[in-house]
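J.: What follows is a single structure, and I will ask about it in a moment.
The values are calculated or read from the model by the stated rules, or taken from the named source; none is laboratory data. Bear in mind that the values here come from a model prediction, so they are computed numbers and not experimental data. Cβ sites come from the backbone with ideal geometry, for glycine too, and all protein chains shown count toward neighbours.
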Amino acid sequence: MPLRTSKPKLAVWKFSSCDGCQLSLLDCEDELLAVAAAIEIANFPEASRAVVRGPYSVSLVEGSITTPEEAERIHKIRRNSRIVVAIGACATSGGLQALRNFQDVGDLSRAVYAHPEYIESLNNSTPISDHIYVDHELRGCPVNKAHLVEVLSAFLNDRKPNLPNHAVCIECKRAGTVCVMTAHGTPCLGPVTQAGCDALCPRYNRGCFGCFGPRENPNTAYLATRYREECGQTPDEVLRLFRGINAGAEPFRRESLRHET
């Protein structure tokens with residue numbers, strides 16, 4: 001008989017998503033070696049078809065809840081996990097698929113599918129926290145692999161994760177990147193977006209797309225005013241800026257609704 005292990009069990013679960021955050025975990029490679037010997041990977045769809053029965057010490061959940069089956073399954077995972085971490089924009093805000101929340105799902109199904117009667121879907125794409133208690137949310141599209149390793153290390157060692165909570169603008173300042181809004185009048189979500197991407201887009205003279213979601217207490221109304229007055233954006237253009245990867249995040253959702261015409 002195989003020897004029983006006392007290692008903490010790590011499980012990775014997929015819901016409605018593109019698998020990008022799971023791939024970020026696979027991409028950790030050398031970084032994961034520091035924790036790999038201390039854990040047992042019990043479930044990880046992108047890495048193996050093998051599934052070890054729970055309960056699990058840590059469950060990483062990727063993807064949003066978009067179907068009745070998913071709404072039921074996420075509760076089973078919560079009951080079987082000591083710690084649940086929602087990873088990525090889909091799991092923390094509903095993801096790009098939350099754009100459907102502003103439309104009639106029935107109309108969309110009829111436009112896309114030849115037999116929409118076979119499609120079973122919830123009216124909205126929602127984050128994991130709308131359905132269960134989540135111990136921690138890890139933002140990003142995809143998540144930052146260094147943040148992923150930090151979260152794993154923190155929870156396996158019973159400490160609080162040390163992650164940034166400032167705006168992307170701070171990352172631009174630290175890197176010496178010229179502000180694209182000030183220099184070129186390019187609309188940028190950096191002032192209201194949580195750091196985590198090393199300000200990748202502004203480094204290439206592109207405005208931030210808000211991949212890591214809204215920062216704490218974002219002043220979206222003031223930024224929208226700057227978009228209109230300094231960048232020449234129309235209300236519809238401002239709406240589209242906030243309805244991107246994290247359209248379902250409450251501060252961005254609320255600001256986008258203010259510009260509907």
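J.: Need pairs with beta-carbon distance below 7 Å; first residue within 20 Å of Tyr227 (Cα to Cα) and in contact (Cβ under 8 Å) with a residue 60 or more places away in the chain and within segment 196-213, second assigned to a helix (DSSP H, G or I) and of a type in the set (Ser, Thr, Tyr); sequence gap 6+ or separate chains.
T.: Within 7 Å, the pairs are Gly213/Thr92; Gly213/Ser93.
J.: Out of all the residues in segment 56-78, is one or more more than 30 Å from Phe209 (Cβ to Cβ) and touching a Gly at 6+ places or on another chain (Cβ under 8 Å)?
T.: No - not one qualifying residue is present in segment 56-78.
J.: Another question, then. Restricting attention to segment 200-232, which residues are within 22 Å of Ala175 (Cβ to Cβ) and aromatic (Phe, Trp, Tyr)?
T.: Within segment 200-232, Tyr204, Phe209, Phe212 meet the criteria.
J.: Has segment 114-126 got any residue that is within 12 Å of the chain's Cα centre (by Cα) and not basic (Lys, Arg)?
T.: Among the residues of segment 114-126, at least one is within 12 Å of the chain's Cα centre (by Cα) and not basic (Lys, Arg), which makes the answer yes.
J.: If you don't mind, there's one more thing I want to ask. Condition first: free of Cβ contacts under 8 Å to residues at least 12 places away in the same chain and farther than 21 Å from Ala11 by Cβ. Now tell me which residues in segment 147-177 satisfy that.
T.: Within segment 147-177, Lys160, Lys173, Arg174, Gly176 qualify.
J.: Has segment 133-143 got at least one residue that is more than 24 Å from Phe209 (Cα to Cα), without any contact (Cβ under 8 Å) to a residue 60 or more places away in the chain and not hydrophobic (A, V, I, L, M, F, W, C)?
T.: yes
J.: I would also like to ask the following. With modelled with pLDDT under 95, of a type outside the set (Lys, Arg) and in contact with a helix residue (DSSP H, G or I) (Cβ under 6 Å, 6 or more places away or on another chain) as the only criterion, which of Pro187, Pro142, Pro191, Pro164 stands out?
T.: Pro142
J.: Look at Asn144 and say whether it is within 21 Å of Val12 (Cα to Cα), loosely packed, with under 13 Cβ neighbours inside 10 Å and polar (S, T, N, Q).
T.: Answer is no for this residue.
J.: Quick one: would you say Leu200 is under 22 Å from Ala146 (Cα atoms) and in contact with a His (Cβ under 6 Å, 6 or more places away or on another chain)?
T.: Here the answer is no, as Leu200 does not meet what is asked.
J.: Now for a different question. Just checking, how many residues over segment 90-131 are surrounded by 15 or more Cβ atoms within 10 Å (Cβ to Cβ) and among the aromatic types (Phe, Trp, Tyr)?
T.: 1
J.: Further question on the same structure: Can you confirm whether Val192 is in the same structural domain as Tyr227 (by TED's automatic domain parsing), within 18 Å of Gly210 (Cα to Cα) and within 16 Å of the chain's Cα centre (by Cα)?
T.: Yes; evaluated as a whole, the condition is true for this residue.
J.: Among the candidates Val35, Val51, which residue alone is assigned by TED's automatic domain parsing to the domain that holds Val84, of a type in the set (A, V, I, L, M) and either more than 21 Å from Asn144 (Cβ to Cβ) or at pLDDT 90 or above (or both)?
T.: None of the other options fit; the residue is Val51.
J.: Examine segment 63-72 for a residue that is touching a His at 6+ places or on another chain (Cβ under 8 Å) and within 30 Å of Arg100 (Cα to Cα), and state whether such a residue exists.
T.: Checking segment 63-72: at least one residue is touching a His at 6+ places or on another chain (Cβ under 8 Å) and within 30 Å of Arg100 (Cα to Cα).
J.: Go over the candidates Ile77, Ile65, Ile41, Ile87 one by one and state the one that is of a type in the set (Val, Ile, Thr), free of Cβ contacts under 8 Å to residues at least 60 places away in the same chain and either in the same structural domain as Val149 (by TED's automatic domain parsing) or buried (at least 20 other Cβ atoms within 10 Å of the Cβ) (or both).
T.: Ile41
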